[in-house]
Amino acid sequence: MLAHHPIPLMIFGSFSAPLSVWAYLSVPAKKRFFFGFWVGLGLFYWCALSFRYNDNVFLMPLIMVLIALCYAVVFYGLLYFNSLLYRIVTLWLSSYIHPFGFDWFVPDAFFAYSGFKVDRLSFLGVIVAIALFMQRYKNFMFFKSLYAPSKILAVVLLVLCINWKQPASTLDPNALEVVQTNTSQKTKWQPEFLDATIALNLTTIQQAIQAQKQVVILPETAFPIALNKSNLIPTLLSLSQQITIITGALYEENDTIYNSTYVFDQGDYHYAHKVILAPFGERMPLPSFLADYLDRFFFGADVFKLGNAPHFSDIKTQHLDFRPLVCYEGTSRQAYENSPPNLVVISNNAWFVPSIEPFLQRMLLKYYARRFNKTIIHSVNLSPSYILTPALLGDHIY
């Protein structure tokens, strides 16, 4: 509920984010392993929830424990010494530590919905300020005399790190229909539900046309088929004469399947394949002999080949210029480098709801929207869709 109310969310984030820094700096070194274990479990337990939809559901608790142990090892090194100076450095650098390429542990992103700036220098300033508040001067009178100046410096640093400027987005949210679908993962890929899913998507597009929207955006694999091989292309091309259609679907070519974004605009269409595949969910970040074995174990003997594009594609339409991103890659820093002002992210969160994953995803997206001054349009299955702007209070929730 808090996610729908920007001011309470900002107040909560402005206190909870610095509090998380304080917790990191103050945890005793002898508890570093268990601290990391609970951080890993609390933040990323949901990664194992996708096992609900295959024959290995019994592995869910094991996967959760393995994820937690991975972060326990990471924090064992990050918190090895009690020294505040050591903790300041390791916390500031921890955003660059991505076990197996999974880059959702970004402590800077905890400030996405706070009143503080989210650039790297401001993050360091907040860490140093909190460390100065924690510092004690007990041994010599000379050091005790530094008590008041250090606290004043801490206050000054925090004030300098407050985000006083609020950039504006030029995007008109009223021109967009950002769709939230509610398709269960249990039924999404079942053939008997395909016709109903397609009919609902087409009805949604028709309703957006009737509402005089310029662009309609549907989530990842909203059409759960290889759309380029289907007979729906002429229908969507015809509809695109009245509205720009952005939707997720599969693309099949040369025995390879791509998770793609399709764009239908003015009787023509383009597609952009996913570039960054999610570790373990879509690619095995392991040596090939082990990766092949795990693929066969989890997905069976006839493992399909999931492909990815070598680089991002930027698309210009009649009403919107943007970079299309599919789910996981929207939370990766490299997707925002040299990108246009607008990004369209499409996701299927049915794998993970109910869990904290949708809000953690939104927090990361908001962080990148603010840090890189971008507007992010996010269409989602089974969790709220929204538009995130660079302004702290500029979100539009659907």
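The values are calculated or read from the model by the stated rules, or taken from the named source; none is laboratory data. Since we're looking at a predicted model, the values are computed, not measured. Quick reminder, even Gly has a Cβ in these numbers, built from the backbone with ideal geometry, and neighbours come from all protein chains shown. Surface accessibility is based on the protein's heavy atoms, side chains included, excluding ligands, DNA and RNA. Shrake-Rupley method; radii C 1.70, N 1.55, O 1.52, S 1.80 Å.
Identify all residues within segment 260-272 that are of a type outside the set (Val, Ile, Thr) and open to solvent by less than 10 Å² (accessible area, probe 1.4 Å); write none if there are none.
We begin by selecting, within segment 260-272, every residue of a type outside the set (Val, Ile, Thr); these are 260, 262, 264-272.
Within segment 260-272, Ser260, Tyr262, Phe264, Ala272 qualify.
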For this session: With respect to Thr197, determine if the residue is part of a loop (DSSP other than H, G, I, E, B), surrounded by 15 or more Cβ atoms within 10 Å (Cβ to Cβ) and among the β-branched types (Val, Ile, Thr).
Result: no
For this session: Enumerate the pairs (first residue in segment 308-321 and under 19 Å from Ser169 (Cβ atoms); second residue anywhere and exposed (fewer than 14 other Cβ atoms within 10 Å of the Cβ)) with beta-carbon separation below 7 Å, excluding pairs fewer than 6 apart on the same chain, so at least 6 apart or on different chains.
Result: His319/Ala175
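Taking the conditions exactly as written (under 21 Å from Ser26 (Cβ atoms) and outside any helix (DSSP H, G or I)), does Tyr80 satisfy them or not?
Details: under 21 Å from Ser26 (Cβ atoms): yes; outside any helix (DSSP H, G or I): yes.
So Tyr80 fits the description; yes.
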For this session: Being open to solvent by less than 40 Å² (accessible area, probe 1.4 Å) and more than 19 Å from Tyr328 (Cβ to Cβ) is the filter here, so list the residues in segment 21-41 that pass it.
Result: Val21, Ala23, Tyr24, Leu25, Val27, Ala29, Arg32, Gly36, Phe37, Val39
For this session: Give Ala109, Ala68 a once-over and let me know the one that is in contact (Cβ under 8 Å) with a residue 12 or more places away in the chain, part of a helix (DSSP H, G or I) and within 16 Å of the chain's Cα centre (by Cα).
Result: Ala109
Problem set entry | Cβ-Cβ under 8 Å pairs, at least 6 apart or on other chains, segment 378-397 side without any contact (Cβ under 8 Å) to a residue 40 or more places away in the chain, far side in a loop (DSSP other than H, G, I, E, B) | Leu388/Gly394; Leu388/Asp395
For this session: Please state which one of Thr247, Thr221, Thr204 is closer than 23 Å to Ser184 by Cβ, surrounded by 15 or more Cβ atoms within 10 Å (Cβ to Cβ) and more than 22 Å from the chain's Cα centre (by Cα).
Result: Thr204
Seminar exercise, completed: Only unsatisfied item for Leu19, checking (1) part of a helix (DSSP H, G or I); (2) closer than 18 Å to Met363 by Cα; (3) in contact (Cβ under 8 Å) with a residue 40 or more places away in the chain; (4) out of contact with any helix residue (DSSP H, G or I) (no Cβ under 6 Å at 6 or more places or on another chain), is (3)
Seminar exercise, completed: Sole miss for Ser169 among (1) within 27 Å of Ala391 (Cα to Cα); (2) of a type in the set (Ser, Thr, Tyr); (3) assigned to a strand (DSSP E or B) is condition (3)
Exercise. Are any residues in segment 337-373 of a type in the set (Ser, Thr, Tyr), within 21 Å of Ile246 (Cα to Cα) and open to solvent by less than 10 Å² (accessible area, probe 1.4 Å), and if so, which ones?
Worked result: Ser347
Problem set entry | Which listed residue, of Phe58, Phe12, is surrounded by fewer than 19 Cβ atoms within 10 Å (Cβ to Cβ), without any contact (Cβ under 8 Å) to a residue 12 or more places away in the chain and part of a helix (DSSP H, G or I) | Phe58
For this session: Considering each of Phe105, Phe111 in turn, give the residue that is open to solvent by less than 10 Å² (accessible area, probe 1.4 Å) and under 14 Å from Tyr368 (Cα atoms).
Result: Phe111
